[in-house]
Every structure is written in C-alpha cells, then in structure tokens.
Amino acid sequence: MARYRPVPALAVAVSAALVALTAATGPADASTGTPTALPAVTPRAETPALFDDEAGGNANADDPAIWRNATDPGRSLVIATAKEGGLRVYDLDARQVQSLPAPPAPGPDDAPGRFNNVDLVSRLQLPSGRADIAVASDRGHDKLRIYRIDRDRPGGPLTDVTDPAAPTVFSTGQDEINEQQTAYGLATWTDPATGRSYALVSRRNRTSIALLELTATPRGTVGYRTVRTLDLPSSFRLPNGSSWTPCAEPGELPQVEGMTVDPAAGMLYAGQEDVGIWRIRADLTSRPQLLDQVREYGVPGVYDEETEECTAGADPGYGGSHLAADVEGLTVLTEADGDGYVLASSQGDNTFALYDREVADRNEYEGGFRVSASGTVDGSEECDGAAVLNAPLGRKYPHGLLVVQDGHDTPAEGEREATGFKFVDLGEVMDSVDD
C-alpha cells in the first residue's frame, strides 16, 4: 500500500530586488514600465488565528465563501476551509460559530481529510425543497463534501449531506489517493439554461480540471458525476521559439487552484499558479485563453533536491506586469449594471489585481490594491483565497464584503505558523479603485 507522504511547500527563488520593488510600489505600468503605487485598504475584522500544528488541530486557513442570509442580511456567514482542520463558519464579526472536522483517514497509513477550497450553490433542488449548500474539495480523500446551510438549525448552520456513495474525483483507489494528486481548487456554477448545478475541480500537481454535476438523491443527500475534463498546457512556446515549463519538483506539473465562474457570462477563470489566469467556458467546451501571465512567466529554473527549491535563471522578459507567482484566490465582483471585476490574489507581492469582467473588453487590467494593517488588525500576506459579495450585509457591511486569507497572521505565538481571514468593507475597496 502506498503511504501518505506530505509534500513540502515548494519555493521559487526570484530576484530580491524585484520583490522589494513590487512590495513597496506595486506592479509596473504596462505602457511606461514605471512602478505605480497601489492603494491600500484596511480590514475591519479578523478571525481568530488558526495554527497548523498538533495543538491547533493542524488547521491552516485557505479559502473563504460568503453566504448571504436573504431574510436577515446582518446574520450572513463566512464559510472557510482550514485544510486538515476541516471547515470554519464565522459571523460578520469574524467570530467562529461552527467548526466541522475533516473526515479521518481510512487507515493508519492513509491520507487524512483535508479541505482545500469551498464555494456555494444557491437553491439546489432537494427532495425536501430548495436549499443553499456549501461544496468543499477534500484533497485528502479526493472527494467533494457537501453541506446544507440553515442559519437557525440547532447545533450549527451547516449539516453534512454528502452522499456516502460519492466517488473519488480523479483517483482509482486508495494507493493513488495517498499520492495526493487529488481534488484541489474548486468553483461552483449553475447553468441558467438548464438549472443544473456543477462543481469545477482542479487536480493537485496536474493541469486537469473536471466538470462535475451535483445530483440530489431521494434520501436528501447530494452526490456528483463527472461530465468532462480538460487539461491546460504544462509547457509553453516563448516568443523566441524556445519551450518553457515552470520549474517544479520532478513529476509535478503547473497546477491550478484559484478558480471562479462569472455567472452572467458562463465563464470560468482559472489561476494556474506559476503561469497566469485562463478564461474558459464554464462547461469546459471552449479553447482556454491565457488572459495575463505572472511576472515569472518564461523564467528558467533548476530544482534543487536538497533545498527543495527552484533557483531562477535570467528573466527573458516575457512575463506580465500585474501578477507575482503564485496567482491565487480568484473571485468575481458583480455590479448591478453588468460591470464588475475578476479579482485575483497576486501572492508573490501581497497585492490584489482587478480585471474587467467583460469578455468583449478582453478582461483588461483595471487596477489593484493591497490589504494593509490597521490598528490591532494586521493585513493580508501570501493570500491563498478570496471571496467577494457586492450586496448589503446589514449595518456592518452595507456596501458588501471582501474576505481574504492571510497566510502570515501576526502576531504569531512563538514558532507556530498562524493563518486566518480578514474582513474588508467592499465600499472601501471600490473607493480605492475609483480613485
């Protein structure tokens, strides 16, 4: 039997001067090459720190989703993944109201449950009526986990309704699951033409994306079936005619994690971490279009087995101006008039980039911002996941809410790795972009 082997995080060495420059000033203006300052917004609240150690339940903040309580918006919720720590549910004060554990490992040498990404489906048809659900990717077991949302249910607002017969997403058996090339990034989509709801799921250390239809059972549980899969490129032809593959540990391909669907256009935006942002029809029937590249695009690298890092070579200058690898945390900000943005976390320089959501405008870059510290609440660094909702959420967030993961929560406790989520007034974000 293959044993579960956690894989160390892979770091890519880039120019220290570039990192220092972009951290201070932001991306360069594409027309002039001159660095431009990005505005800063500040969070109003932060969740309690999560600790990725035994004492903290191996909880590591990753990806949030915002559920709006239509009957009482001030009692809306943020549902977020904590990897081996399962799911966390927070109120709008960023206080925890529920914690759900990830499923245990099936055997002593097998991978434990590990919730990576989460998204929501509104009004899914169940035998008892329509219900809002949360869908999470369980990387540890290569499955989806589905939870019904009921704000006033005794014992917590989320109830597990995953069909016990739900299949693995990519793997054929436990040995393959333990290699952890499993369900990773996730976004949901409801096709307005048919009313059917889907989850789009990426595969860890591979370029695959699967389209899964969510299916309710007569017992009131929810399962899924694979409709089709698509593989993004793993190597790229550069303008000088050479071929480039992002540096990685041997056997690993450039994976996708951050994904979001624009419901009006039916378009999936997928962040291939070391490459850039792709646009694809949400039903995976179109040819993928690369909208923007990370700055490191085309930079050669050599993997060092001892340090488990990639040493970068000379930059040939084929990368973009707005994203520093990894590109993460994609989410769509919709506006009533049809305008809006695709928001992406530029993890490598702790900024966020905004792209026009209009396909006709070729998803042009519209600006960016960073989430900085304010008083006792620190900002967001090394952001993995983000969620935005442009709708009133009671008195606290009358202009909507942006939630971002903080991959380096401070102040930390000694050597413990601390992460969490920051709540930002969306009105402040929009004001900063308009300015």
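Quick notes on this structure:
- Selection over segment 89-128 of residues that are part of a loop (DSSP other than H, G, I, E, B) and among the polar types (S, T, N, Q) gives a count of 1.
- Residue within segment 258-270 that is under 18 Å from R362 (Cα atoms) and of a type in the set (S, T, N, Q) present: yes
- Scoring G57 on the criteria (1) part of a strand (DSSP E or B); (2) open to solvent by 20 Å² or more (accessible area, probe 1.4 Å) leaves a single failure, condition (1).
- Of all residue pairs spaced 6 or more apart or on separate chains, those with beta-carbon atoms under 7 Å, a first member in segment 375-395 that is over 15 Å from Q405 (Cα atoms) and part of a loop (DSSP other than H, G, I, E, B) and a second member that is open to solvent by 30 Å² or more (accessible area, probe 1.4 Å) and charged (D, E, K, R) are N390/E335; A391/R68.
- Inter-residue pairs, beta-carbon under 7 Å, first surrounded by fewer than 16 Cβ atoms within 10 Å (Cβ to Cβ) and in segment 308-320, second in a strand (DSSP E or B), 6+ apart: T311/A13; T311/G301; T311/V302; T311/D304; G313/G301
- Hits in segment 375-399 - residues which are small (G, A, S) and open to solvent by less than 50 Å² (accessible area, probe 1.4 Å): G379, S380, G385, A386, A387, A391, G394
- Spans of strands (runs of 3 or more DSSP E) in segment 251-362 with at least 2 residues at pLDDT 95 or above and closer than 25 Å to V403 by Cβ: 256-262, 267-272, 276-281, 289-293, 327-334, 340-346, 351-356
- Remark: pairs (first residue in segment 105-122, among the hydroxyl-bearing types (S, T, Y); second residue open to solvent by 40 Å² or more (accessible area, probe 1.4 Å); Cβ separation under 8 Å; 6+ apart in sequence or on different chains) = S122/T190.
- One residue from P263, P254, P239 being open to solvent by less than 20 Å² (accessible area, probe 1.4 Å) and out of contact with any Lys or Arg (no Cβ under 7 Å at 6 or more places or on another chain): P254
- Test: residue in segment 400-410 that is open to solvent by 20 Å² or more (accessible area, probe 1.4 Å), touching a strand residue (DSSP E or B) at 6+ places or on another chain (Cβ under 8 Å) and closer than 22 Å to D431 by Cα: no
- Note on segment 420-434: among residues that are hydrophobic (A, V, I, L, M, F, W, C) and open to solvent by less than 10 Å² (accessible area, probe 1.4 Å), the one that is farthest from G367 (Cα to Cα) is F421.
- Only listed residue being touching a Lys or Arg at 6+ places or on another chain (Cβ under 7 Å), open to solvent by 20 Å² or more (accessible area, probe 1.4 Å) and of a type outside the set (A, V, I, L, M), chosen from R88, R123, R95: R123
- Close pairs (8 angstrom Cβ cut-off, 6 or more residues apart or separate chains): without any contact (Cβ under 8 Å) to a residue 24 or more places away in the chain and of a type outside the set (G, A, S) in segment 326-342, assigned to a loop (DSSP other than H, G, I, E, B) and open to solvent by 10 Å² or more (accessible area, probe 1.4 Å) anywhere: D339/R357; D339/E358
- Residue check for N178: open to solvent by less than 60 Å² (accessible area, probe 1.4 Å), of a type in the set (S, T, N, Q) and farther than 20 Å from T285 by Cβ: yes
For (1) surrounded by fewer than 20 Cβ atoms within 10 Å (Cβ to Cβ); (2) under 20 Å from I79 (Cα atoms); (3) under 22 Å from the mean Cα position of the chain (by Cα), each residue gets a yes or a no:
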{"residue": "L100", "(1), (2), (3)": "no, yes, yes"}
{"residue": "V118", "(1), (2), (3)": "no, yes, yes"}
{"residue": "D152", "(1), (2), (3)": "yes, yes, no"}
{"residue": "T182", "(1), (2), (3)": "no, no, yes"}
{"residue": "G195", "(1), (2), (3)": "yes, no, no"}
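- Test set (1) of a type in the set (S, T, Y); (2) in contact (Cβ under 8 Å) with a residue 12 or more places away in the chain; (3) open to solvent by 10 Å² or more (accessible area, probe 1.4 Å); (4) over 23 Å from R204 (Cβ atoms) - S76 fails condition number: (3)
- Matching residues in segment 363-374 - criterion: being within 30 Å of F51 (Cβ to Cβ), open to solvent by 10 Å² or more (accessible area, probe 1.4 Å) and outside any loop (DSSP other than H, G, I, E, B): R370, S374
- When A216 is tested against (1) in contact (Cβ under 8 Å) with a residue 60 or more places away in the chain; (2) of a type in the set (A, V, I, L, M); (3) surrounded by 21 or more Cβ atoms within 10 Å (Cβ to Cβ); (4) more than 22 Å from G271 (Cβ to Cβ), only condition (3) is not met.
The values are calculated or read from the model by the stated rules, or taken from the named source; none is laboratory data. Here the structure is a predicted model, which is why all the values come from computation and not from measurement. Methodologically, a virtual Cβ is constructed for each residue, glycine included, from the backbone with ideal geometry; neighbour enumeration extends over all protein chains shown. Keep in mind that these areas ignore ligands, DNA and RNA; they rest on the heavy atoms of the full protein, side chains included. Shrake-Rupley method; radii C 1.70, N 1.55, O 1.52, S 1.80 Å.
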